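Notes follow the structure.
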Amino acid sequence: MRGSSAAQPISPVSTWRAPFLAFLAIAVLYAATPMAQALDTWTALACGRHIAAHGVDDADPFSFASRPSGGSFWQPTGWINQNWLTHLLLYLFVKAFGTGALAVLRVVVYGGVAGALFAAQRLAGVRESTAATVAALALLLARPTFEIRPQDFTNLLVAVELVVLASWTHRSSRTLWLAVPLFAVWGNLHGGFVFGFLLLLVVAAGRLADERLTRRPATGGAVRPAQVALVTGAALAACVLASPYRLANLTHPLVISVSRDAASWRMIEEWRPFFEGGLDLRNQWYFVTWIAVLVVGVVVARRSGRITAAGSRRDARAREAPRRLPDLAGLAVAAVTVAMTLQSRRFIPVAVIATAPALGTWLESAIAGWEARRSEPPGPTARRRVALAAVGVGAALALIWAWRFATVYLASWPHAAGATPVFERMSWAHRRPVEACRFIDANRLEGRLLNAWVDGGYLEWCQAPSASGPPPLRTAIDGRAQGAFSSATHRRYLEIWGGGPADLASDAARAAWVDATLKLDGVHLVLIPDDEARSGVARALLARGNWQVVFLAPTHVLYADTDDPRGRRLAAGVLDGSTAFPDEAARRLTRAFRLFALGDVASADEGLREAEAAFAAMPSAMAVQTARRALAFPPLVTPYRDFARRVLEGHLARGDRDERESGSLLRNGAAIVAAEALVELAERSGEAAEAGRLRTVVVDLRAARERVWRRALW
């Protein structure tokens, strides 16, 4: 009968497409929503805004320490912004929809990666269930490296290139020419297009070797070296002619990767060798897992499929299994990308993405070999069982991940007291100098600023640019790294940030060197994150009487050189009220710090009261720690002890319910500082029992902090 299922065999596509594609969609949503530092996101937005207003050139408007514009028309030597098109697109997207929409764009990008990986495998003959599972696994194991920056567009275009290569291999040799427009666009989106050329040549070499060994071309036709050479040459020409940086678009990646100064940039975390320091990062463990999966894929294909050349000893039916993507090409891609990743962690995402289609073909080959050895193919019942299992796994993961997403991104946010949008949580914006930027804007600060590497992009984005392009306060360095800065500038920055040359005889000499060097560079402001409060540069500034704290907040401290008239006015304004602050808590906290620094009891007493008021306005560990300076003045020991007890007892009285409320980590941090101060005071007074009890309280508070941190991570 026409409608009879017996008359129409069940198709593998129609039977179990939906469960596996649904699983892939769930994996995309999970893989595209992890938290990330997003340092390059802010740099991209600042650069995109500048490009939209002033066009593309090699003159850097942001940093006073970057390479100057120069060179020739064909070989510029200033700011080589190979990511200029990504920067522009991200800025225009944010201008139209707001920064929150970047979270959605991230999902779109990795949805594209998933779709391209699926398509590349399907072109190679991999069944839909296997293709969707492999694509999902690749996304999940590369997840810790995903952000929203130009690198992520390289991740997408690597996947797109795999589709082109699969089409070239399995459909028509003419499709290889699609690589030319692909590289023309890629060469303006991100410098990772260089990896694209490597991938093209490795696949071509692997295919050619496979054909020589098997004496059978792939279904798309034999490899023609002349065509590969012509396509590669045309793509190289497109990367030059379509780029505003012309030849520098090709030579710049070589300069920063193989020149004599290339090693200096490997001090950056993501550029370091994979095993340096052991396996202490989540993305390292995930990649090791991926390598293990690749090995398993090779082994099962070797034992059950057609991973070896034709003519090897195996069951006759297995030898008749359909031909898949050339095995040597997949093995070559895996070998090259894993080797690159061992040299630099930066290549983890492209290595996972580039090897996913090979894994799919190996697994398909193994499955095909297994099916060929069976007396009959799996029936409808077996297929339904597999489909139901996929539905069960997908539904379970969807529920778990949805609950975690709601807990982290939609519930109360422990890192901040107020409402915090999803993208700000996703990008850890609370760690960026948000309040410091408001201070800079309120006081219309201009000139040159020494900043931490991680803060450069945000400082450039948060300032309204001048009509000519540069922001009022120019930074020392940012995440553009080799694109804008020489290796000498990088070394000089590290030396200053480290507190001066190590070969100087004393800390005083190092501090004097830092002061003199900053003056030579025209720097009169230094912004330091709280987690680097004990860095060499911070110790050097505190040792010099001319550098004064002019802004203090829980995340950053700003120093000003009072030898400079601008810094002197700013420092004086902290005490006389003429310096503007973004909020009452920051004003009182900064004033408290300065009052304690005056060194007399009366000023310290006022400083303690200001610190208490700052805590009342915004609870923070910084407020309690600043108030702790009162312990240097004997008459203020008892008032400080009373304040610390109020902080601690108030937090303990809130109980476990506080862990579920916004700003809980701020209050927890304040309670820990207060408890530790009380331990010190109890030990001074010989109250051993009280000191022991308080140590137990500190342990409990730290355990609670760890619980909240884990719950707030995604």
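Checking the stated criteria, Ala237 turns out to be surrounded by fewer than 20 Cβ atoms within 10 Å (Cβ to Cβ) and within 28 Å of Gly78 (Cβ to Cβ). Every listed requirement among (1) in contact with a helix residue (DSSP H, G or I) (Cβ under 6 Å, 6 or more places away or on another chain); (2) within 20 Å of Ala124 (Cβ to Cβ); (3) crowded, with 22+ Cβ neighbours inside 10 Å is met by Gly187 save one, (2).
Listed here are the helices (runs of 4 or more DSSP H) enclosed by the stretch 366-447 that have at least 2 residues being without any contact (Cβ under 8 Å) to a residue 12 or more places away in the chain: 380-405.
Yes/no per residue for (1) surrounded by 15 or more Cβ atoms within 10 Å (Cβ to Cβ); (2) of a type outside the set (S, T, N, Q):
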site: Ala511; (1), (2): yes, yes
site: Ala516; (1), (2): no, yes
site: Pro529; (1), (2): yes, yes
site: Val550; (1), (2): yes, yes
site: Thr555; (1), (2): yes, no
site: Arg566; (1), (2): yes, yes
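Can you find a residue in the stretch 273-280 that is out of contact with any helix residue (DSSP H, G or I) (no Cβ under 8 Å at 6 or more places or on another chain), in the same structural domain as Arg216 (by TED's automatic domain parsing) and at pLDDT 90 or above? No: the stretch 273-280 contains no residue that is out of contact with any helix residue (DSSP H, G or I) (no Cβ under 8 Å at 6 or more places or on another chain), in the same structural domain as Arg216 (by TED's automatic domain parsing) and at pLDDT 90 or above. When we screen Glu128, Glu147 for residues that are outside the structural domain of Leu713 (by TED's automatic domain parsing) and under 18 Å from Ser427 (Cβ atoms), the only hit is Glu147. Every listed requirement among (1) within 17 Å of Ala356 (Cα to Cα); (2) crowded, with 23+ Cβ neighbours inside 10 Å is met by Leu198 save one, (2).
Would you say Val223 is part of a helix (DSSP H, G or I) and of a type outside the set (S, T, N, Q)?
In short, no.
A count restricted to the stretch 464-480 and to residues that are out of contact with any Gly (no Cβ under 9 Å at 6 or more places or on another chain) and surrounded by fewer than 21 Cβ atoms within 10 Å (Cβ to Cβ) stands at 7. Considering only residues that are among the hydroxyl-bearing types (Ser, Thr, Tyr), surrounded by fewer than 22 Cβ atoms within 10 Å (Cβ to Cβ) and under 17 Å from the mean Cα position of the chain (by Cα), which ones fall in the stretch 90-121? Across the stretch 90-121, the qualifying residue is only Thr99.
Among the residues of the stretch 166-182, the ones that are in a helix (DSSP H, G or I) and more than 21 Å from Ala242 (Cβ to Cβ) come to 7 in all.
Determine which member of the set Arg448, Arg438, Arg444 is in contact with a His (Cβ under 8 Å, 6 or more places away or on another chain), among the basic types (Lys, Arg) and under 20 Å from Thr579 (Cα atoms). Only one candidate passes the filter, namely Arg448.
Each row is one residue, and each column tells you yes or no for (1) over 36 Å from the mean Cα position of the chain (by Cα); (2) under 24 Å from Glu584 (Cβ atoms); (3) surrounded by 16 or more Cβ atoms within 10 Å (Cβ to Cβ).
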{"residue": "Ala611", "(1), (2), (3)": "no, yes, yes"}
{"residue": "Ala623", "(1), (2), (3)": "no, yes, yes"}
{"residue": "Leu636", "(1), (2), (3)": "yes, yes, yes"}
{"residue": "Phe643", "(1), (2), (3)": "yes, yes, yes"}
{"residue": "Asp656", "(1), (2), (3)": "no, no, no"}
{"residue": "Ala674", "(1), (2), (3)": "no, yes, yes"}
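Counting only residues that are polar (S, T, N, Q), closer than 23 Å to Pro471 by Cβ and touching a helix residue (DSSP H, G or I) at 6+ places or on another chain (Cβ under 9 Å), the stretch 60-76 holds 2 of them.
Among the residues of the stretch 502-542, those that are at pLDDT below 95 and not in a helix (DSSP H, G or I) comprise Ala502, Asp503, Leu504, Ala505, Ser506, Ala533, Arg534, Ser535. The residues on offer are Thr86, Thr77, and the sole one that is modelled with pLDDT of 95 or more, polar (S, T, N, Q) and closer than 19 Å to Ala484 by Cα is Thr86. Within the stretch 149-174, residues that are over 24 Å from Arg207 (Cβ atoms) have Cβ atoms under 6 Å from residues that are among the acidic types (Asp, Glu) in these pairs: Arg149/Asp40, counting only partners at least 6 apart in sequence or on another chain. Is it the case that Leu208 is surrounded by fewer than 22 Cβ atoms within 10 Å (Cβ to Cβ) and either over 30 Å from the mean Cα position of the chain (by Cα) or of a type outside the set (A, V, I, L, M, F, W, C) (or both)? Against the criterion (surrounded by fewer than 22 Cβ atoms within 10 Å (Cβ to Cβ) and either over 30 Å from the mean Cα position of the chain (by Cα) or of a type outside the set (A, V, I, L, M, F, W, C) (or both)), Leu208 qualifies.
The residue pairs whose first member lies in the stretch 472-494 and is touching a residue at least 12 places away in the same chain (Cβ under 8 Å), whose second member is surrounded by fewer than 22 Cβ atoms within 10 Å (Cβ to Cβ) and of a type in the set (Val, Ile, Thr), and whose beta carbons are closer than 7 Å, counting only pairs six or more residues apart or on different chains, are Ala481/Ile268; Gln482/Ile256. Of all residues in the stretch 138-158, none are within 24 Å of Trp362 (Cα to Cα) and in a loop (DSSP other than H, G, I, E, B).
Identification of helices (runs of 4 or more DSSP H) wholly contained in the stretch 560-659 with 2 or more residues that are touching a His at 6+ places or on another chain (Cβ under 8 Å) and β-branched (Val, Ile, Thr) yields no element.
The values are calculated or read from the model by the stated rules, or taken from the named source; none is laboratory data. All figures in this text were calculated on a predicted structure; none of them were measured in a lab. Every residue, glycine as well, gets a Cβ built from its backbone with ideal geometry; the counts of neighbours run over all protein chains shown.
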